[in-house]
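Colleague: I have a structure here, written as structure tokens, and I will follow up with some questions on it.
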Amino acid sequence: MSDLITSQQPLDDGFCVGLTGDIDLSRSPQLRQDLIQLTEQTPGRLVVDMTEVPYMDSSGVATLVEALQRQRKHNGKMVLCGLQPKVLSIFEIARLDMVFTIVEDLDAAKNA
């Protein structure tokens, strides 16, 4: 795992990962690799805790869209939680808040 994913915990029906730091063009390829590796190992629900992500550009969003597509292809589910206002606004502007399941915090994500 890279320094982007700082925590990983199992859930009853999948797992939760915690991301840290800016997710931009230089870091998105590594996040993509990490998420592919994780979802191949543990199919099911993927909860992505983004509490520690202060900034994300379009390449980071594209990486998460790809992960969502992979999850759906394998009948999995993906939930994003803890989005900071700047990051959430990117999803809202692109209307991706209608595509992703986005909840306030980890507790809500575990029940989503």
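Colleague: Within region 60-84, can you find the residues that are part of a helix (DSSP H, G or I) and more than 13 Å from the chain's Cα centre (by Cα)? If you could, list the steps in order and put the result at the bottom.
Modeller: Taking region 60-84 first, the residues part of a helix (DSSP H, G or I) are 60-73.
ARG72, LYS73 - these are the residues of region 60-84 that are part of a helix (DSSP H, G or I) and more than 13 Å from the chain's Cα centre (by Cα).
Colleague: Still on this structure: Would you call LEU25 at pLDDT 95 or above, surrounded by 15 or more Cβ atoms within 10 Å (Cβ to Cβ) and not in a helix (DSSP H, G or I)?
Modeller: Details: at pLDDT 95 or above: yes; surrounded by 15 or more Cβ atoms within 10 Å (Cβ to Cβ): no; not in a helix (DSSP H, G or I): yes.
It is false that LEU25 is at pLDDT 95 or above, surrounded by 15 or more Cβ atoms within 10 Å (Cβ to Cβ) and not in a helix (DSSP H, G or I).
Colleague: Pairs, please: C-beta under 9 Å, at least 6 apart or cross-chain, first residue free of Cβ contacts under 8 Å to residues at least 24 places away in the same chain and in region 54-80, second of a type outside the set (S, T, N, Q) and buried (at least 20 other Cβ atoms within 10 Å of the Cβ)?
Modeller: Partner pairs satisfying both residue conditions: ARG72/MET78.
Colleague: So, in region 98-108, how many residues would count as being touching a Gly at 6+ places or on another chain (Cβ under 8 Å) and either on the phi > 0 side of the Ramachandran plot or not in a loop (DSSP other than H, G, I, E, B) (or both)?
Modeller: First pass over region 98-108, keeping only residues touching a Gly at 6+ places or on another chain (Cβ under 8 Å): 104-106.
Filter again for either on the phi > 0 side of the Ramachandran plot or not in a loop (DSSP other than H, G, I, E, B) (or both), leaving 106.
Selection size over region 98-108: 1.
Colleague: Find all pairs meeting these conditions: Cβ atoms under 6 angstrom apart; at least six residues apart or on different chains; first residue within region 10-27 and among the acidic types (Asp, Glu); second residue surrounded by 15 or more Cβ atoms within 10 Å (Cβ to Cβ).
Modeller: Pairs that qualify, where the first residue is among the acidic types (Asp, Glu) and the partner is surrounded by 15 or more Cβ atoms within 10 Å (Cβ to Cβ), are ASP13/GLY44; ASP13/ARG45; ASP24/ASP57.
Colleague: Which residue, of VAL99, VAL61, is touching a Leu at 6+ places or on another chain (Cβ under 8 Å), surrounded by fewer than 16 Cβ atoms within 10 Å (Cβ to Cβ) and aliphatic (A, V, I, L, M)?
Modeller: VAL99
Colleague: Separate question: Just name the residue that is surrounded by the most Cβ atoms within 10 Å (Cβ to Cβ) out of those in region 1-13 that are more than 13 Å from the chain's Cα centre (by Cα) and at pLDDT 85 or above. Steps first, answer last, please.
Modeller: First, pick out the residues of region 1-13 that are more than 13 Å from the chain's Cα centre (by Cα): 1-3, 9-13.
Next cut, at pLDDT 85 or above only: 3, 9-13.
Working: ASP3: 10, GLN9: 11, PRO10: 10, LEU11: 14, ASP12: 8, ASP13: 12.
Looking at residues that are more than 13 Å from the chain's Cα centre (by Cα) and at pLDDT 85 or above, I get LEU11.
Colleague: Could you tell me whether LYS73 is loosely packed, with under 14 Cβ neighbours inside 10 Å and at pLDDT 95 or above?
Modeller: On the way: loosely packed, with under 14 Cβ neighbours inside 10 Å: yes; at pLDDT 95 or above: no.
When the stated conditions are applied, LYS73 does not pass them.
The values are calculated or read from the model by the stated rules, or taken from the named source; none is laboratory data. Fair warning: this is a prediction, and the values are worked out from it, not measured in the lab. Neighbour counts run over all protein chains shown; Cβ positions are idealised from the backbone, glycine included.
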